[in-house]
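Below you'll find the structure, written out as structure tokens, and then a few comments.
The values are calculated or read from the model by the stated rules, or taken from the named source; none is laboratory data. Please read these numbers as outputs of a predicted model, since none were measured by experiment. Methodologically, a virtual Cβ is constructed for each residue, glycine included, from the backbone with ideal geometry; neighbour enumeration extends over all protein chains shown.
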Amino acid sequence: MVIYSRKCNYTLIVLCSILLIIFLIGCQGNSPVLKKSEELLNSGMVQEAADGLEAFVETSPENAEARLSLAKAYNELGRYNDAVVQLRKASQLYAAHPEELVATRLELARTYLKFGDRDSAFRVLRLIQHGTSDLAILRKITELIGDSYTSKQLTYGDSDNYSPTFSPDGTEIAFASFRLDNGEIYLMDLEGRIRRRVTFTTDFNDSSPTFLKTPNYLFYSSEPKSSREVKVVIQSSGSTPIYAGFNITHIHSKVTRAVLPVSFGARVPRASPVENQIIYESNADGNLELYLLNLDGLNLAEITSADVEPKRITYNEIDDGSPAFFPDGKRIVFVSSRNDVNQLYTMDIDGQNEKHFNPNRYDCYNPTVSPDGQTIAYVSARDGDMEIYLIDADGKNERRITGEIGVSIHPAFSPDGRHLAYVSDRSNTFHIYLMSLDKPITREALVKRLWQ
């Protein structure tokens with residue numbers, strides 16, 4: 001027997017509506033409009049993606065994925081308030097879908113942080129943290145509000161400090177500092193205690209030190225001091241004149257030799273881990289290109305510029321710079337500004353086998369490779385700030401590891417891979433910090449941070 005009543009009919013209607021919404025949410029990923037909008041977003045055509053998504057949301061207001069995608073497009077366009085509206089609605093639609101709800105709330109918190117509303121962001125993040133024990137989600141929360149691993153500040157004061165690099169035994173860090181009215185190079189231990197001053201060039205700014213394979217020799221960049229202004233270089237430009245050359249200094253004898261004169265416009269030297277070779281950038285030929293110096297077999301104590309012959313290894317109309325060696329000394333990673341975006345590329349040191357390492361639409365800078373060759377650290381400009389990211393050498397598993405207020409740049413791995421030195425202006429001055437990659441932020445520390 002079937003009993004029909006108005007009450008039964010209303011119940012059926014409500015049930016059918018709920019099932020329809022669930023069906024729509026479950027099938028929304030199959031929409032050609034959403035796939036096309038994702039392609040447009042990934043290719044940098046953000047306004048076109050937003051236009052299509054707006055029209056789609058108008059006809060399918062219950063499609064949570066469309067609203068989430070539209071919010072991401074609004075974020076790219078700087079329309080943060082509009083993004084918040086879409087994310088709040090998407091959160092309501094995803095109420096019965098925990099994974100999608102978390103992803104939407106994370107995007108909402110990220111949006112709040114972009115326009116400086118930390119209170120609202122932390123309120124959303126506390127809500128996520130309270131409802132999960134998933135370590136991957138907790139790591140994503142940590143990425144948004146601070147460093148992912150335990151960090152300590154090594155330098156202090158009102159003077160800028162930058163360009164850190166580890167000694168081969170990992171017990172010291174060479175770095176540049178402007179504490180004496182010009183850039184000089186110093187050595188400190190891993191507690192920040194100054195061991196010695198290495199360079200004494202009051203009319204020059206010395207930076208970008210790198211240890212050669214021959215013990216106790218530092219190779220570094222030197223630029224005439226033109227003003228009291230500090231230049232902490234993140235990425236050079238071939239269209240801007242570079243008045244810098246290279247020197248070698250023995251850290252104990254203080255004997256300094258000029259390797260390349262200032263007129264060569266050379267910057268960002270990086271030493272090979274296996275022999276006395278230097279990879280660097282120069283605009284001596286009209287735009288920024290990569291060069292190789294082979295110092296093997298030379299008497300470093302008596303070396304002159306006549307003893308070395310730079311070998312150019314890139315030939316492009318656009319800038320190639322910021323090179324760093326892989327541990328085998330046979331390959332490098334570098335930055336190139338093709339397609340108007342600075343991206344990471346890899347290449348053999350003879351200029352062969354070039355590959356675009358990390359295709360995306362964000363500027364990337366300052367790459368460096370871990371001692372085991374498995375991880376690349378670099379700086380990326382996204383989410384309204386410059387932060388340090390790690391990515392596996394196969395181009396997968398990208399994750400942000402700094403997130404404090406201010407920019408974080410110039411990452412450098414320790415020889416054992418357990419630490420990462422970097423530079424941040426989170427205290428209003430560029431200082432050097434030391435991150436312990438074997439000490440991730442605990443849940444207890446995360447909760448404390450969220451409730452501060």
Legend entry - One residue from A421, A412, A381 being in the same structural domain as N339 (by TED's automatic domain parsing), among the small types (G, A, S), in contact with a strand residue (DSSP E or B) (Cβ under 8 Å, 6 or more places away or on another chain) and farther than 18 Å from A176 by Cβ: A381
Legend entry - Criterion violated by S380 - all others in (1) in contact (Cβ under 8 Å) with a residue 24 or more places away in the chain; (2) touching a Phe, Trp or Tyr at 6+ places or on another chain (Cβ under 6 Å); (3) in a strand (DSSP E or B) satisfied: (1)
Inset, instruction - Looking only at the stretch 322-333, decide whether some residue is part of a strand (DSSP E or B) and basic (K, R). - result: yes
Legend entry - Checklist (1) surrounded by fewer than 15 Cβ atoms within 10 Å (Cβ to Cβ); (2) over 23 Å from E143 (Cβ atoms); (3) at pLDDT 85 or above; (4) not aliphatic (A, V, I, L, M) applied to G78, failing item: (2)
Inset, instruction - Specify the residue that is nearest to R382 (Cα to Cα); the eligible residues are those in the stretch 114-139 that are of a type in the set (S, T, N, Q) and assigned to a helix (DSSP H, G or I). - result: S120
Legend entry - Qualifying position, being at pLDDT 95 or above and surrounded by fewer than 19 Cβ atoms within 10 Å (Cβ to Cβ), among L218, L190, L154, L180: L190
Inset, instruction - Specify which of the listed residues (T142, T111, T104) is surrounded by 21 or more Cβ atoms within 10 Å (Cβ to Cβ), part of a helix (DSSP H, G or I), touching a strand residue (DSSP E or B) at 6+ places or on another chain (Cβ under 9 Å) and hydroxyl-bearing (S, T, Y). - result: T142
Inset, instruction - Answer yes if at least one residue in the stretch 199-210 is farther than 20 Å from Y80 by Cβ and under 20 Å from the mean Cα position of the chain (by Cα), and no otherwise. - result: yes
Inset, instruction - Assess whether S151 counts as being over 18 Å from E99 (Cα atoms), among the small types (G, A, S) and touching a residue at least 12 places away in the same chain (Cβ under 8 Å). - result: yes
Inset, instruction - Just name the residue that is surrounded by the most Cβ atoms within 10 Å (Cβ to Cβ) out of those in the stretch 286-314 that are in contact with a strand residue (DSSP E or B) (Cβ under 7 Å, 6 or more places away or on another chain) and over 30 Å from P215 (Cβ atoms). - result: L288
Legend entry - Every residue from the stretch 268-298 that is in contact with a helix residue (DSSP H, G or I) (Cβ under 9 Å, 6 or more places away or on another chain) and over 25 Å from F175 (Cα atoms): A284, L298
Inset, instruction - Inspect the stretch 161-170 for any residue being among the hydrophobic types (A, V, I, L, M, F, W, C) and either in a loop (DSSP other than H, G, I, E, B) or under 15 Å from Y433 (Cα atoms) (or both) and give the result as yes or no. - result: yes
